[in-house]
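Written out below as structure tokens is the structure these notes cover.
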């Protein structure tokens with residue numbers, strides 16, 4: 001399943017986020033919560049996180065300092081969780097603080113995972129994406145032409 005769209009939610013008093021109903025079946029085998037490099041929390045289905053780790057982390061040289069640091073960064077800042085019977089997932093406090101999730105949140109579909117942003121940070125980031133989209137498309141098109 002591809003995760004798409006934007007949905008407004010909030011954390012409840014127990015730091016749980018209700019996952020949009022349309023995505024719950026894809027997350028029923030568990031999730032990996034990840035402190036993203038951006039100021040948000042990524043939610044991966046377990047199988048997709050395994051693919052991510054295999055594709056981007058497994059090839060890093062464990063003898064290099066930078067390779068070890070990146071593997072630690074991703075695995076030490078991630079948590080295995082599952083949805084409860086109401087379709088909620090509990091977010092650890094350090095992830096809430098990292099993403100600034102103290103008020104309304106936006107659940108954003110990003111193809112193979114979801115991201116949880118504070119409403120304010122998402123609005124800023126989305127505006128930045130819109131402002132740079134045409135230039136990014138041109139750069140990516142030029143690099144694709146050069147690679148072929």
Return the ratio Rg/(2.2 N^0.38 Å) for the chain, where Rg is computed over Cα atoms only. 1.13
Helix-only mean residue ellipticity at 222 nm for the chain, each DSSP H run of n ≥ 4 adding -39500 (n - 2.57), per residue, nearest 500: -12000 deg cm²/dmol
Taking 0.36 nm per residue of sequence separation and subtracting the Cα-Cα distance, how much length would be gained by fully extending the chain between residue 13 and residue 136, in nm to one decimal? 40.3 nm
Quick calc: nm separation of the 7 Å Cα→Cβ label points for residue 120 and residue 6 -> 1.7 nm
Listed residues 37, 63, 17, most fluctuating in the chain (Gaussian network, C-alpha, under 10 Å): 63
Contour excess over end-to-end distance, with Cα ends at residue 110 and residue 50 and 0.36 nm allotted per residue: 20.0 nm
In a Gaussian network model over the chain where Cα atoms closer than 10 Å are linked, find which of 62, 92, 45 has the largest mean-square fluctuation. 62
Out of 93, 65, 121, any idea which swings most in a Gaussian network model of the chain, alpha carbons joined below 10 Å? 65
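Every number here is computed from the coordinates shown, using simple stated rules; none is lab data. The model shown is predicted, which means the values in this text are computed figures rather than measured ones. Virtual Cβ from ideal backbone geometry, glycine too; neighbours counted across all protein chains shown.
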